[in-house]
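> What follows is a structure written as C-alpha cells; I'll ask about it next.
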Amino acid sequence: MTALAAFVFVRRTDGLRHPFGRDGEHHGRPAYRRTDGAVRCVWSPEEGWHCEIGGGLVTAYPLGGRADGPEPPEGPWRSFKDDRSYLYDLRVHGADG
C-alpha cells in the first residue's frame, strides 16, 4: 500500500484549509507536515494519530477516539490550543487545492 501523499484539514466554522504533505516517517509510519511548517500530523505508540507543534505538544486528535490505522483517518478531528477548540474534517480528496 502506498501512503497518502497529501491531505487537508478543513475547519467547519469557516472553511479555512490547512494542507499537509508527506514529511518522512515517525515511529515507522508516514509523517505529514502542514505546508506552513507549523504543525505535524504523526502516529506514536502513546498517542495514536495526532497533530503536534514544536516540543511535541499535542494539538489535535481524531474525534472518534484513538486511531491506530496505517494512515491518519479521514473525518472529524478536534483541535485545541490554549482556550480555543475547533472541529476540522481531514479530507484526502481535494487536498491539492
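> Evaluate the relative contact order of the chain (contact order divided by residue number), counting alpha-carbon pairs under 8 angstrom at least 6 apart; express in whole percent. Spell out each step's value before the answer.
Values: 207 pairs, mean separation 26.1, N = 97.
Relative contact order of the chain: 27 percent.
> Roughly how far apart, in whole Å, are the Cα centres of the range 55-97 and the range 10-36?
9 Å
> May I pose another question? Using the per-residue mean of other Cβ atoms lying within 10 Å as a proxy for protection, in what order, highest first, do the peptides 54-60, 78-84 fall?
Numbers: 54-60: 12.9, 78-84: 10.6.
The packing order, highest mean first, is 54-60, 78-84.
> Expressed as a fraction of 2.2 N^0.38 Å, the rule-of-thumb size for a compact globular protein of N residues, what is the C-alpha radius of gyration of the chain?
0.97
Bear in mind that the values in this text are calculations on the coordinates, not laboratory data. Owing to the predicted nature of the structure, the values given are computational and were not obtained by experimental measurement. So basically every Cβ, Gly included, is an ideal-geometry build from the backbone, and we count neighbours across all protein chains shown.
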